Amino acid sequence: MTGEIDLYTAPRLQAEFARLLETGPERVVIDMSGVEFCDSTGMNVLLSALKRMRERGGVLEVAAPRPAVRKILQVTGLDSVFTVYDAIPAELLTAEHPG
């Protein structure tokens with residue numbers, strides 16, 4: 001994801017999550033390194049996706065949030081709801097780029 005997640009962009013993100021969750025992944029790691037801002041609407045979309053993943057026995061994790069997004073996660077207490085990584089987990093990087 002890149003840019004801002006707000007009232008105007010959240011519906012597109014929600015549609016993308018719906019499409020992704022149809023494929024039934026067990027684990028989704030959201031790379032937030034390109035997200036400059038996320039308001040409460042965006043956080044609600046993430047929470048909704050997390051709930052749907054958990055209902056199916058899956059996990060949704062957040063990786064590499066910028067300081068402004070990390071602050072929102074901390075202030076709202078969502079940093080204890082989501083697994084938050086400082087960077088994209090290495091096993092995902094090697095899985096995408098073998099060799």
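General observations
- From the list Glu36, Glu61, Glu55, the lone residue that is of a type in the set (D, E, K, R) and surrounded by 16 or more Cβ atoms within 10 Å (Cβ to Cβ) is Glu61.
- Filter result for Ala18 (modelled with pLDDT of 95 or more, surrounded by 11 or more Cβ atoms within 10 Å (Cβ to Cβ) and of a type in the set (Gly, Ala, Ser)): no
- The set of residues from the stretch 16-36 being in contact with a Ser or Thr (Cβ under 8 Å, 6 or more places away or on another chain) and either aromatic (Phe, Trp, Tyr) or assigned to a loop (DSSP other than H, G, I, E, B) (or both) comprises just one member, Phe17.
- The stretch 37-76, residues that are assigned to a loop (DSSP other than H, G, I, E, B) and either within 21 Å of Gly3 (Cβ to Cβ) or modelled with pLDDT of 95 or more (or both): Asp39, Ala64, Pro65, Arg66
- Only residues that are among the basic types (Lys, Arg) and farther than 16 Å from Val81 by Cα were counted across the stretch 31-68, and they come to 2.
- Restricting attention to the stretch 77-94, the residues that are in contact (Cβ under 8 Å) with a residue 12 or more places away in the chain, not in a loop (DSSP other than H, G, I, E, B) and not aliphatic (A, V, I, L, M) total 2.
The values are calculated or read from the model by the stated rules, or taken from the named source; none is laboratory data. Remember, it's a predicted structure, so these values are computed and weren't measured experimentally. FYI the Cβ positions are ideal-geometry reconstructions off the backbone, even for glycines, and counts take in every protein chain you see.
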